[in-house]
Amino acid sequence: MFISALTSVTFAIVIIFVDVVVHYLSMEGVRTVTLKSNSSFSAAQRRGDHIETHKRWAAGQNKQRTIEKNTAKLEEDTEDLHNDLVDMDVGKIIMQARQEKNLTQKDLATKINEKQQM
């Protein structure tokens with residue numbers, strides 16, 4: 001949340017914080033100041049300044065990339081998703097073909113652009 005206070009000024013002294021928003025209508029007019037600390041908020045209340053509060057949604061967070069999923073659709077999804085396993089015979093056939101060509105597991109993995117553990 002940020003808090004802004006309207007104060008009447010006769011001279012300009014501006015303390016700049018990271019997110020200070022200052023709007024000057026004139027040097028001796030009304031300005032909008034974002035209050036960052038509790039002490040500045042209390043001082044504005046004691047002076048009787050008009051105080052407005054605004055909620056900043058997702059302030060300071062990276063919200064450029066949002067995930068837009070239909071959660072109800074995902075919740076109702078009952079599809080069984082799993083990978084089918086191959087028989088041990090496939091592994092034995094690959095091993096025999098590799099040994100016929102005198103390749104190590106590392107050599108075969110390099111040729112098919114795969115990790116040796118696969």
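The values are calculated or read from the model by the stated rules, or taken from the named source; none is laboratory data. Note that this is a predicted model, so its numbers are computed, not measured. Neighbour counts run over all protein chains shown; Cβ positions are idealised from the backbone, glycine included.
General observations
- Among the residues of the stretch 72-118, those identified as at pLDDT below 85 and either assigned to a helix (DSSP H, G or I) or at positive phi (or both) are 72, 73, 74, 75, 76.
- The residue that is surrounded by the most Cβ atoms within 10 Å (Cβ to Cβ), counting only those in the stretch 24-61 that are out of contact with any strand residue (DSSP E or B) (no Cβ under 9 Å at 6 or more places or on another chain) and at pLDDT below 65, is 27.
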